[in-house]
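Here the structure is laid out as structure tokens; the discussion comes afterwards.
The values are calculated or read from the model by the stated rules, or taken from the named source; none is laboratory data. Remember, predicted model here, so these are calculated numbers, not experimental data. All Cβ positions, glycine included, derive from the backbone under ideal geometry; neighbour counts span all protein chains shown. The accessibility values were calculated without ligands, DNA or RNA, using every heavy atom of the protein model including side chains. Shrake-Rupley method; radii C 1.70, N 1.55, O 1.52, S 1.80 Å.
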Amino acid sequence: RGTSNVTITGLHFIGCEPVIASATSANIVVDNIRAKYMNHGVADLQQSHPGFGIPRKVGMPMIGPDNVVKNSEFKYSSSTAIWAGPNCRIENNLFEYINYEGNWGCPVNLYATDGGQKILWNTMRVLGRGGVDFGWVNYPPGGQHLNVEIAYNDIGDFGRTCWDLGGTYAHGSANLNGLQIHHNWIHDVPPPDGDDVGGMSAIYFDQSSGGGSVHHNVTWNIATSDAYHETE
């Protein structure tokens, strides 16, 4: 925490978060690591907004500016794998079996409201929720993630343990000006099981969030349900 200009490369981690950084940890490069069983949880006891509790407590917090995570593998995480701070680059990684707990955890959660993150050339598959979430910082509504780029990712086999989601997901009237989502493959959501499922999308701007541009993406096999309904 609080340390900058560090490179971590070629290491294997089992049963822990590989890096614990802070908001003042800048210019950290994580390259060619392997991480398994990063965090484990089976219940979310957060009371203020169920589902947002444990994602705020676990995952690799690359929340300082200008950090890079690349060429690495992350597997078997109960919740979030990486929190990406301002101008963070998440590039050419494999995320697999992420968020088996079934909360708001994703391979990549965007942490900082000043944006600038680049999520590029990643493979994300077998996911409880989606691939990239714009994060709990937008709750209560009105946060912003400016000039984010999500491109050239393969996001597939998601929505395994959650519903009302997307391969990318934003909510809470989030200001996403400058956002670019382009040249992604987003595909294969399991068929719904029962009435209280649905709301599955490839790219989902929920609750009046939006801004920027979405183009040149390919999506297929995104299952949903005609029985989807809201009760709030």
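For the reader, a short list of remarks on this structure follows.
- Test: residue in the stretch 150-165 that is buried (at least 20 other Cβ atoms within 10 Å of the Cβ), touching a Phe, Trp or Tyr at 6+ places or on another chain (Cβ under 8 Å), closer than 19 Å to K118 by Cβ and of a type in the set (S, T, Y): no
- Residues satisfying the stated conditions in the stretch 75-98, i.e. touching a Cys at 6+ places or on another chain (Cβ under 9 Å), under 19 Å from H12 (Cα atoms) and not in a strand (DSSP E or B): T80, A81
- Those residues of the stretch 118-132 which are of a type in the set (K, R) and crowded, with 24+ Cβ neighbours inside 10 Å, in sequence order: R129
- Some residue of the stretch 99-117 being open to solvent by 10 Å² or more (accessible area, probe 1.4 Å) and part of a strand (DSSP E or B): no
- Test: residue in the stretch 171-178 that is surrounded by fewer than 20 Cβ atoms within 10 Å (Cβ to Cβ), modelled with pLDDT under 90 and either touching a Pro at 6+ places or on another chain (Cβ under 9 Å) or assigned to a loop (DSSP other than H, G, I, E, B) (or both): yes
- Selected residue (criterion: modelled with the highest pLDDT) from residues of the stretch 34-45 that are surrounded by 15 or more Cβ atoms within 10 Å (Cβ to Cβ) and more than 17 Å from E91 (Cα to Cα): K36
- Any chance N93 is at pLDDT 95 or above, open to solvent by 10 Å² or more (accessible area, probe 1.4 Å) and either touching a Ser or Thr at 6+ places or on another chain (Cβ under 8 Å) or not acidic (D, E) (or both): no
- For the stretch 201-225, the set of residues classified as surrounded by 13 or more Cβ atoms within 10 Å (Cβ to Cβ), hydrophobic (A, V, I, L, M, F, W, C) and farther than 27 Å from T113 by Cβ consists of I222, A223, listed by residue number.
- Scanning the stretch 71-80 turns up one or more residues that are at pLDDT 95 or above, charged (D, E, K, R) and farther than 17 Å from T7 by Cα.
- Residue count for the stretch 150-185 satisfying the condition of being out of contact with any Leu (no Cβ under 8 Å at 6 or more places or on another chain) and among the polar types (S, T, N, Q): 5.
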